[in-house]
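Reading through the structure tokens given below for one structure.
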Amino acid sequence: MSALTGPAKAVRAAVRDATATPRARRARSRRQARVTAPVSLERRSLERLRVEVHASDRVRSGLASQWLITDEDPDAVLVEVDARSSVTVAAPLGRQRAAVAGVEVPVIVWVTSSARVVADDVARLVEGVTAPVHIHVDDAASIPEWAAALGREVRHLAPAVDHTVHAPSLVGATEAREQVVALVGDAEVDLDRLAPVQPQRLDVIGGDDAASELPGDRPVLGRYRAAALVADRPIAPWHVLEAAAAGTAVVATGATIDRLPEALAAHTCRVEDDTQLALQVRAHLWQDELVDRVGLPAARAVRGGHTFAHRAADLEAIVGRPRDLRQATGAPFDRSVSAVISTNRAHELDTVADNMARQSLRESGELQVVLVLHGLDVDVADVEARFRERGIDQLVVVPADSSLTLGACLNLGIDASDGAHVAKIDDDNFYGRHYLLDLVDALNYSGAGIAGKWAHYTWLRSTGAVILRFPRSEHRFERLVQGGSILMQGEVARRLRFSDLPRAVDTDLLNRAQAAGVRTYSSDRFNYVSIRGSDRYAHTWTLEDASFMNASSRVVFYGDPREHVDV
């Protein structure tokens, strides 16, 4: 029978469309319900310690996100003592004495300028207090002197930083900051000591080892490219922690560096005289790459152990309310990540294994690898053995039929994941050692639901060119990030999910996230390389290499970039 033509064909088509559309609409609705879900960012409420706090704005605001600060039926009383604050002035300590007099709950005294405060003042503060008293000083070297003067046990409680206030997300990338270096220390420092550095390139900030010298509610030192600690006597690390957390490079004398946490001291530039100081100030003024490459690991060190969340956990343990850090529901303690990789290329399995084995979160036991084998006819036991040989013990292998879309495969991976965060990992890119850790931190300090890298390196293997794409998009909230660099809060991933699409699942996800009010943060450019092979058609994304050479990108060098980006 010949095919219908003319009016008869039009009638048949109209009838087919009239009956098919409702069915198609229902099928599309069911499919959409399976692969996407409404976003709800409701968080479980924590049973927080109730604490009466008498402290500087810096300490009080830093602890406010960790504790319920109240003077009604508290579980403990915290009194900060420093030499400068109008709230915690050393003499006469009237308000503080009234706060601890007659209390039955533990009393915590935190001396935040232990090199200046007189021990007799603290002794008078706690005199006659019958409740348990825990005295802490911010300078570990002064503990023997304090213990002898007070005749009681004295412990070290290191300075801390509010990493959501002193954060790169608030001050931006290095090139966006003022072309100025902060000199923190002696207010009357002679700027001629730093000649030929121009005086207008230097801001002198009178330093002190009191915690409240700089306002605690603004990222003051984060506005600078670098902070140089130039006091003629050692300065407590409060200012250093705040500067480093914001990504500001730190230059300091040995006397100051020796008082820093070991992990931070390793990434602080040491100078021994005025000549070295002038040279380093000039270098940090003009070399963005230098500032970025020393600032990132220093910030990582601070966020890893010196936030107010860490200090609050220390104090909770002391007063008998220890926090199970590995089971804690909030950052910065629960950094667990489920890395979801969907691959249909058996020859990339070793690349995936190498990338995941390299992650510092694997070393700390916080990485789960979820490998979705998309239509791959491979020996699963052999794949598992290859991953285990690289030290990847938390591995879930999910077989997926070749008929499934990429979005459906990624959702299988999400369903099999149990981390507090979910990362979408491509099978052919390079991921540096701290890639996952840094993105988890970025979610934490930025408050975003999704983090990734819109500023990123792309390696064109066909020519050897390494291109930095979207360089102005570091440390900014953006609509998009590179698809292979997406990391989500677990609740976002499990509720938003991927759409049932064969490609462009990343853009679709990010667009739906924006519509749902979930913010996406573009972090730094390091620890990730999008690799374009010599055979460009081996990639899902088949743009011509020349298309990368545009106004939003720049060629930065030629050659293997993996060592360069692993910061």
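Approximating the spin labels as points 7 Å out from Cα along Cα→Cβ, the D71-to-D377 distance works out to 7.7 nm. Over the Cα atoms of the stretch 373-416, the radius of gyration divided by the Kirkwood radius equals 1.01; this is the Rg/Rh ratio.
Given R₀ = 35 Å, FRET efficiency for L191-A317 by Cβ-Cβ distance, to 0.05? Could the numbers behind the result be given before it?
Numbers: r = 46 Å, r/R0 = 1.31.
Between L191 and A317 the formula returns 0.15.
Kindly state, to the nearest 0.05, the FRET efficiency for E127 paired with E47, given R0 = 25 Å and r defined as their beta-carbon distance. Numbers along the way, then the final one.
On the way: r = 34 Å, r/R0 = 1.34.
The calculated FRET efficiency here is 0.15.
In this structure, the amide hydrogen of V184, modeled 1.01 Å from its nitrogen in the peptide plane, lies closer than 5 angstrom to those of I205, A228, L229, V230, counting only residues at least 5 positions away or on a different chain.
Each label point was placed 7 Å from the Cα along the Cα-to-Cβ direction; for H156 and R345 their separation is 4.9 nm. Across all directions, the average projected area of the convex hull around the alpha carbons of the stretch 50-156 is 6.1 nm². Residues F470, F498, arranged from fewest to most other Cβ atoms within 10 angstrom of their Cβ, appear as F470, F498. Site pair R519 and R472 shows an inter-label distance of 2.1 nm when each label is modelled 7 Å from Cα along Cα→Cβ. For the stretch 277-383, the Kirkwood radius over C-alpha pairs fed into Stokes-Einstein at 20 °C and 1.002 mPa s yields D = 120 µm² per second. Qualifying GluC sites (Glu not before Pro) in the stretch 457-532, where qualification requires a DSSP coil assignment and no more than 16 other C-beta atoms within 10 Å, are lacking entirely.
Note on the stretch 247-314: the C-alpha convex hull projects to 4.7 nm² when averaged across all orientations. 3J(HN,Hα) couplings calculated from phi for the stretch 118-129 with the Karplus curve 6.51 cos²θ - 1.76 cosθ + 1.60 (θ = phi - 60°) are, in sequence order, 7, 4, 4, 5, 5, 4, 5, 4, 9, 4, x, 6 Hz; Gly and Pro show x. Rounded, prolate or oblate: pick one for the stretch 335-565, where a ≥ b ≥ c are the square roots of the eigenvalues of its C-alpha gyration tensor, a/c under 1.5 means rounded, and failing that, prolate if a/b is larger than b/c, else oblate. Cα axes put the stretch 335-565 in the rounded bin.
Taking 0.36 nm per residue of separation and subtracting the Cα-Cα distance, what length does fully extending R503 through V555 add?
Details: separation 52, 0.36 × 52 = 18.72 nm, distance 2.76 nm.
Taking R503 through V555 to full extension adds about 16.0 nm, to one decimal.
Exposure proxy shown here: for D82, D350, D428, D192, the number of other Cβ atoms within 10 Å sets the order, fewest to most, as D192, D350, D428, D82.
The simple Förster model, with R0 at 30 Å and r as the Cβ-Cβ distance, assigns Q198 and E289 a FRET efficiency of 0.90.
No lab work stands behind these numbers, since they all come straight from the coordinates. Since the model is a prediction, treat every value here as computed from it, not as a measurement. For neighbour counting, all protein chains shown are included, and Cβ atoms are generated from backbone atoms with ideal geometry for every residue, glycine included.
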